[in-house]
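The values are calculated or read from the model by the stated rules, or taken from the named source; none is laboratory data. Keep in mind that what you see is a predicted model, and the values were worked out from it rather than measured. In this analysis, Cβ positions are derived from the backbone assuming ideal geometry, glycine residues included, and neighbour counts consider all displayed protein chains. These area figures cover heavy atoms from the full protein model, side chains too; ligands, DNA and RNA do not enter into them. Shrake-Rupley method; radii C 1.70, N 1.55, O 1.52, S 1.80 Å.
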Amino acid sequence: MYLVLLGPPGAGKGTQAERLEKELGLPHVASGDLFREHLSKGTALGSLAKTYMDRGDLVPDDVTIAMIRERLQRPDCAQGAILDGFPRTQAQARGLDDMLADMGRALDGVLYLAVPDEELVQRLSGRWICRQCQTPYHTLFSPPAQAGVCDACGGELYQRDDDRPETVRARLRVYHQQTAPLIDYYRRAGLLVEVDGSGDIESVAAALLKVACTLAEKSDTPCR
Ligand code: AMP
């Protein structure tokens, strides 16, 4: 089952995708995490991506599509994947349709996590992420047991450069201009399911799991 988690930056896509990964047994494929991995390894793609990420802009479609295509072709994605942060433009959405078609597969559903803008800025500015396993925390909503240390793996927590207030505003602008039109694109395709993402993490997770399990039944993937 191939699912897309769509929503503005700060909607909780990463947190929720990790829950779904465990519940559904499907890999969580996050384009932002892949770019950050390239960056920490010092690859050419990583340095290219950084110039866009630091401004809150989108990395060009061709490199982003190629990176996701390569990721989805790895064996762990043969039964499906939960895509987070991709696609973000109409060209990427078409690119995704093409790459799945080449694999003899198709998208099963798009879970749209709706959160009002005012809430997003507050959420993003309190966000801390594990350098090792990428688990996200929040100073107000989900603090780690020990400040600066990951509960899951003991790794060091850090705040992303692009979670600075001015970059957060740029990312929200880019989201409204380039990514929000995908809501209609997928609605027209009959793939969109909207979930209210403004509640607490647990109730949003329960709502998403319910939708994902309904989609799993349709695609013959058993829900654990
Ligand atoms: P994220 O972790 O999803 O918030 O992504 C962080 C940054 O990575 C974004 O602000 C973009 O600069 C870049 N990025 C992530 N995913 C994409 C994508 N699908 N297309 C273009 N740029 C992306």
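Structure above, values below:
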quantity: Enumeration of residues in segment 137-157 that are surrounded by fewer than 16 Cβ atoms within 10 Å (Cβ to Cβ) and closer than 19 Å to Ala11 by Cα; calculated: Thr139, Leu140, Phe141, Pro143
quantity: Positions within segment 28-50 being more than 10 Å from the ligand (Cβ to nearest atom) and open to solvent by 20 Å² or more (accessible area, probe 1.4 Å), in sequence order; calculated: His28, Glu37, His38, Ser40, Lys41, Gly42, Thr43, Ala44, Leu45, Ser47, Leu48
quantity: Residue pairs meeting the criteria (Cβ under 8 Å; at least 6 apart or on separate chains; first under 26 Å from Lys22 (Cα atoms) and without any contact (Cβ under 8 Å) to a residue 24 or more places away in the chain, in segment 73-102; second within 16 Å of the ligand (Cβ to nearest atom) and open to solvent by 10 Å² or more (accessible area, probe 1.4 Å)); calculated: Asp97/Leu107
quantity: Among residues of segment 190-214, those that are free of Cβ contacts under 8 Å to residues at least 60 places away in the same chain and touching a strand residue (DSSP E or B) at 6+ places or on another chain (Cβ under 8 Å), counted; calculated: 1
quantity: Some residue of segment 188-205 being touching a helix residue (DSSP H, G or I) at 6+ places or on another chain (Cβ under 6 Å) and within 16 Å of the ligand (Cβ to nearest atom); calculated: yes
quantity: Count - residues of segment 5-23 that are over 8 Å from the mean Cα position of the chain (by Cα), among the aliphatic types (A, V, I, L, M) and not in a loop (DSSP other than H, G, I, E, B); calculated: 1
quantity: Residue that is farther than 28 Å from Ala152 by Cα and touching an Asp or Glu at 6+ places or on another chain (Cβ under 6 Å), where the choices are Ala44, Ala17, Ala91, Ala30; calculated: Ala91
quantity: Sole exception among (1) within 19 Å of the chain's Cα centre (by Cα); (2) open to solvent by less than 10 Å² (accessible area, probe 1.4 Å); (3) away from the ligand (no atom under 13 Å from the Cβ) for Gln132, by number; calculated: (2)
quantity: Residue list for segment 51-107, restricted to those being near the ligand (Cβ under 9 Å from one of its atoms) and basic (Lys, Arg); calculated: Arg55, Arg88
quantity: Candidates Leu111, Leu83, filtered to the one that is more than 13 Å from Val29 (Cβ to Cβ), open to solvent by less than 10 Å² (accessible area, probe 1.4 Å), modelled with pLDDT of 95 or more and not in a helix (DSSP H, G or I); calculated: Leu111
quantity: Of the criteria (1) free of Cβ contacts under 8 Å to residues at least 24 places away in the same chain; (2) buried (at least 16 other Cβ atoms within 10 Å of the Cβ), which one Arg187 fails; calculated: (2)
